[in-house]
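All of the numbers you see were taken from the coordinates with simple rules; none came from a lab. What you see is a predicted model; the values in this text were computed from it and never measured. Using ideal geometry, Cβ is built from the backbone for each residue, glycine included, and neighbour counts are taken over all protein chains shown.
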């Protein structure tokens, strides 16, 4: 059972979010929970075991983040965003104005369905070039250590996962890298129009910023990404580790 105190559910069992290490998709989910002020506990699943563990925990799908909120089990960031807005309308993750909401939902959907996978495959492809193709070998950054804590395990794991599960090879990497400037142009245009990085953050900001942050792990992309408005969005939503004491969700000013 739960009761509502000031718009936030005071739950008898602490909500849990199941994640894997350094996942940009998982960070999007936890950012929205933090933004809403919902207390939760993060449970980290060993990378690669999430489909099996989640099934054992009663989740219908195989993907993280997975939110357990009392008897409810919610998966996908889009479902989590709408659940959180029902749970506590303030601060909202979607604008009240129908036209603005439609624009935010379009950006959110693209960030979830297109950009998230492009960022994932691009960074997996970096493993083809050795550990130093990632800044700090992927040991830390805006999302923390990527996938595995040990850099050799990360290199081997990323190569295997990229090759056998995400169609990463020389040809597809070239295609991915060629398409990234256009994707970043699209994000920059949404920022210019106020759909992203406005006075108040929204579900699309939280969906897109972690993918931009992930792209910055690639040494050859970092400066290009950081020089764009998209990089400024990542700066606002996800502080660099050496600036972790700064306010996470400070208003733009």
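So what's the convex hull volume per residue for the Cα atoms of region 98-243, in Å³? Each step should come with its number before you reach the end.
Numbers: hull volume 14.7 nm³, N = 146.
For region 98-243, the hull spanned by Cα atoms encloses 101 Å³ per residue.
For the chain, modelled as a GNM with alpha-carbon contacts under 10 angstrom, which of 130, 29, 111 fluctuates the most?
Result for the chain, Cα springs under 10 Å: 130 fluctuates most.
Determine the gain in length on full extension of the stretch residue 192-residue 106; use 0.36 nm per residue of separation and subtract their C-alpha separation, reporting nm with one decimal.
Stretched fully, the residue 192-residue 106 segment lengthens by 29.4 nm.
Most mobile of 21, 134, 177 per a Gaussian network model of the chain (Cα springs, under 10 Å)?
Result: 177 has the largest fluctuation of those listed.
I need the calculated FRET efficiency for the pair residue 169 and residue 99, taking r as the beta carbon distance and R₀ as 45 Å, to the nearest 0.05.
The calculated FRET efficiency here is 0.60.
Using the beta-carbon distance between residue 44 and residue 14 and R0 = 22 Å, what value does 1/(1 + (r/R0)^6) give for FRET efficiency, to the nearest 0.05?
E between residue 44 and residue 14, to the nearest 0.05, is 0.90.
Expected output is a single nm value to one decimal: the length gained when fully extending between residue 139 and residue 199, i.e. 0.36 nm times separation in residues minus the C-alpha distance. What is it?
Using 0.36 nm per residue and subtracting the Cα-Cα distance, I get 18.3 nm.
Highest mean first, what order results for 118-126, 200-208, 168-176, 136-144 on Cβ atoms within 10 Å?
Result, highest mean first: 200-208, 118-126, 136-144, 168-176.
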